[in-house]
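Chemist: Just dropping this structure here.
The values are calculated or read from the model by the stated rules, or taken from the named source; none is laboratory data. Please read all numbers here as calculations on a predicted model, not as lab measurements. Every residue, glycine as well, gets a Cβ built from its backbone with ideal geometry; the counts of neighbours run over all protein chains shown. Each accessible area value is taken on the protein alone, full model and side chains, heavy atoms only, with ligands, DNA and RNA left out. Shrake-Rupley method; radii C 1.70, N 1.55, O 1.52, S 1.80 Å.
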Amino acid sequence: MMEESELIGVEEIKVSLAFEDMPLAIERIKDYFVQQDNVELNIGVTGESGSGKSTFINAFRGLGDEDEGSAETGVVETTKIPTCYPHSKYPNVKLWDLPGIGTPNFIADEYLKQVGFERYDFFIIIASDRFREYHAHLAAEIVKQDKKFYFVRSKIDANIAAEQRKKTFNKEKTLDTVRKDSIAGLEKIGVISPNVFLISCFELDLYDFNKLEKTMEMELPQHKRHVLMLALPNITLEINEKKKKELQKNILKMALLSAGTVAVPIPLLNAAVSVSVDVAILVAELKKYYNAFSLDPASLQRLSERSEKPVDELKAVLKSPLNQEISKALVIRLLTGTSFFAVKTAAKFWLGLIPGLGSLAGGLLSFATVYCMLKRCLDELAQDAHNVLMVALQTAV
Ligand SMILES: Nc1nc2c(ncn2[C@@H]2O[C@H](COP(=O)(O)OP(=O)(O)OP(=O)(O)O)[C@@H](O)[C@H]2O)c(=O)[nH]1
Ligand SMILES: [Mg+2]
């Protein structure tokens, strides 16, 4: 059975082939990928001094506070001008550490001008304490400038810890009280059904991070959504699944692109045929998978520290041969080992769906081979990443 996400893009290709020939359609796909790789996402992170802006930025980029390239955090006021922190794997995703708000001379519209508000796709306003008037002023001014904001209430772990000392402690009730205070504050300034996200930057995978991710994703334009999904730290099973779905959307186009030109012939195992494959683009795509799922050694090390599980225990569940250096030789090996039966089945299926595929320069089998290989690699890496998360969450795989 095909998953729904596998069929995304089929209509687009069919329409395109109804109006132009295959080489032109391939050119369009090429442009699409160039544009996708160049999409920028600028996130402005603001809030009062000490609220946890820099800590949030580090956690979002999958970094610890003491890692190389991380934003400086601490108890003294550290950030006075907007500082850009590009994501280490996706430098087009930029988190901006903005100056603290709520100082005695704080004026919302001047502040926004000062930080260059046009630059940001949206703002994250972080508060670690009660909702205050300057939060309201800033939120109202952001809306006035036609920008979006997400209100994050940070250091929730500290609220929980403090309340836990009481005999009447109830976790849900504590969270509810904090949430209601901020919502009431935002409603007072006229924000309709405001969203407030309760977060601990120390335990980003808990509380409302999934909800924040879902809301940002829903409200971003499609082309920005893709880069956000790839760059998000792979810290929850929900995010893992979404990354898989997002990467899946490119497989059809990738396979077309590879089969769109005559490239290196690769002989298939147990079949008397060779298929033409653009190995370089596959290497790049597989590296993208590997990074998006946070399977690289540095990410696994950080997950190990956060979850207090030895890194070897996490690595023990990795099964995909892609968990090593992704090279041309490895890709060729994977292509050669692709089941010819699966390739033939896929070729028949896709030709039935898009008859124009018969005119691909590299041939239909070439398309189907790349499709099957990418699909298998994506499934394997997503499963490995899922299993690693399960170990980190201490649940049996
Ligand atoms: N318990 C707890 N502490 C946090 C959290 N986030 C940040 N902190 C701590 O709060 C302090 C301030 O965090 P920063 O990230 O430096 O705050 P900031 O908003 O960047 O501060 P300035 O740069 O001075 O404006 C640090 O000691 C952090 O470790 C959190 O979610 N929970
Ligand atoms: Mg800071």
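Chemist: Quick one: helix 171-188 against the long Cα principal axis of the chain, what's the angle to the nearest 10°, folded into 0 to 90?
Modeler: Approximately 80 degrees, to the nearest ten.
Chemist: Relative contact order, percent, of the chain when contacts are C-alpha pairs under 8 Å separated by at least 6 residues?
Modeler: Dividing the mean separation by the residue count of the chain yields 16 percent.
Chemist: To continue, here is another question. For the range 303-309, in order, what is each residue's ³J(HN,Hα) by Karplus, 6.51 cos²θ - 1.76 cosθ + 1.60 with θ = phi - 60°, in whole Hz (x at glycine and Pro)?
Modeler: 5, 4, 5, 5, 8, 6, 10
Chemist: What shape does the range 1-44 have by the C-alpha gyration tensor, where a ≥ b ≥ c are the square roots of the eigenvalues, rounded means a/c under 1.5, and otherwise prolate means a/b greater than b/c and oblate the rest? Before the final figure, lay out the partial values.
Modeler: Values: a/c = 3.20, a/b = 1.33, b/c = 2.40.
Oblate, since a/c reaches 1.5 and b/c is not below a/b.
Chemist: So what is the relative contact order for the range 40-233, in percent, with contacts set as C-alpha pairs under 8 Å and at least six apart?
Modeler: On the way: 300 pairs, mean separation 46.6, N = 194.
Contact order relative to length: 24 percent.
Chemist: Can you send over the carbon and sulfur percentage of the accessible area for the range 145-212, probe radius 1.4 Å, protein chains only? Write down the numbers at each step before the final one.
Modeler: On the way: 1950 of 3930 Å².
The nonpolar share, carbon plus sulfur, comes to 50 percent.
Chemist: Still on this structure: Answer with one residue from 231, 47, 178: the one whose Cα lies farthest towards the positive end of the charge dipole of the range 40-233, charges on Cβ with Lys, Arg +1 and Asp, Glu -1.
Modeler: 178
Chemist: Same structure again: Given the range 217-331, what whole percent of its Cα pairs are spread farther than 24 Å?
Modeler: Details: 2568 of 6555 pairs.
Within the range 217-331, distances greater than 24 Å cover 39 percent of Cα pairs.
Chemist: Turning to a different aspect of this structure: Could you sort 298-310, 44-56 so that the peptide with the highest average Cβ count within 10 Å comes first and the rest follow in order?
Modeler: Working: 298-310: 16.2, 44-56: 23.6.
Going by the mean number of other Cβ atoms within 10 Å, highest first, we get 44-56, 298-310.
Chemist: Also: Given a 1.4 angstrom probe, what's the average accessible area per residue across the chain, in square angstrom?
Modeler: Values: 19040 Å² over 397 residues.
I get 48 Å² per residue for the chain.
Chemist: Same structure, new question: Rounding to the nearest 20 debye, state how big the charge dipole of the chain is about its Cα centre with +1 on each Lys and Arg Cβ and -1 on each Asp and Glu Cβ. Walk me through the numbers on the way to the answer.
Modeler: Values: 48 positive and 53 negative charges, 116 e Å.
Dipole of the chain, to the nearest 20 debye: 560 debye.
Chemist: Another question, if that's okay. Report ³J(HN,Hα) in whole Hz for each residue of the range 84-96, in order, from the Karplus equation J = 6.51 cos²θ - 1.76 cosθ + 1.60 where θ = phi - 60°; Gly and Pro get x.
Modeler: Once rounded to whole Hz, the list reads 8, 10, x, 5, 5, 9, 10, x, 6, 8, 10, 9, 10.
Chemist: Another question, then. Note down the relative contact order for the range 1-109 as a percent, whole number, built from C-alpha pairs under 8 angstrom at least six residues apart. Spell out each step's value before the answer.
Modeler: Values: 115 pairs, mean separation 29.3, N = 109.
Dividing the mean separation by the residue count of the range 1-109 yields 27 percent.
Chemist: Would you calculate, for the chain, the mean residue ellipticity at 222 nm contributed by helices, counting each DSSP H stretch of 4 or more residues as -39,500 (n - 2.57) and dividing by all residues, to the nearest 500?
Modeler: For the chain, the value works out to -16000 deg cm²/dmol.
Chemist: Give, rounded to the nearest 20 debye, the magnitude of the charge dipole that the range 40-233 has about its Cα centre when Lys and Arg contribute +1 at Cβ and Asp and Glu contribute -1 at Cβ.
Modeler: On the way: 26 positive and 29 negative charges, 106 e Å.
Once rounded to the nearest 20, the dipole reads 500 debye.
Chemist: First select every other residue whose beta carbon is under 15 angstrom from the beta carbon of residue 363; then total the charges, Lys and Arg +1, Asp and Glu -1.
Modeler: On the way: positive: 344, 348; negative: 278.
Once positives and negatives cancel, what remains is +1.
Chemist: Further, regarding this structure: With a ≥ b ≥ c taken as the square roots of the eigenvalues of the C-alpha gyration tensor of the range 187-281, please select rounded if a/c is under 1.5 and otherwise prolate if a/b is larger than b/c or oblate if it is not? Numbers along the way, then the final one.
Modeler: Working: a/c = 4.80, a/b = 2.69, b/c = 1.78.
It comes out prolate by the Cα gyration axes.
Chemist: Using 0.36 nm times the number of residues separating residue 317 and residue 67, minus their current alpha carbon distance, what extension gain do you get? The partial results should precede the final answer.
Modeler: Working: separation 250, 0.36 × 250 = 90.00 nm, distance 2.57 nm.
Computed gain between residue 317 and residue 67 is 87.4 nm.
Chemist: Continuing with this model, one more query. With a ≥ b ≥ c the root eigenvalues of the C-alpha gyration tensor of the range 40-233, is it rounded (a/c under 1.5), prolate (a/b larger than b/c) or oblate? Please report the intermediate quantities before stating the final value.
Modeler: Working: a/c = 1.36, a/b = 1.18, b/c = 1.15.
Verdict is rounded for the range 40-233.
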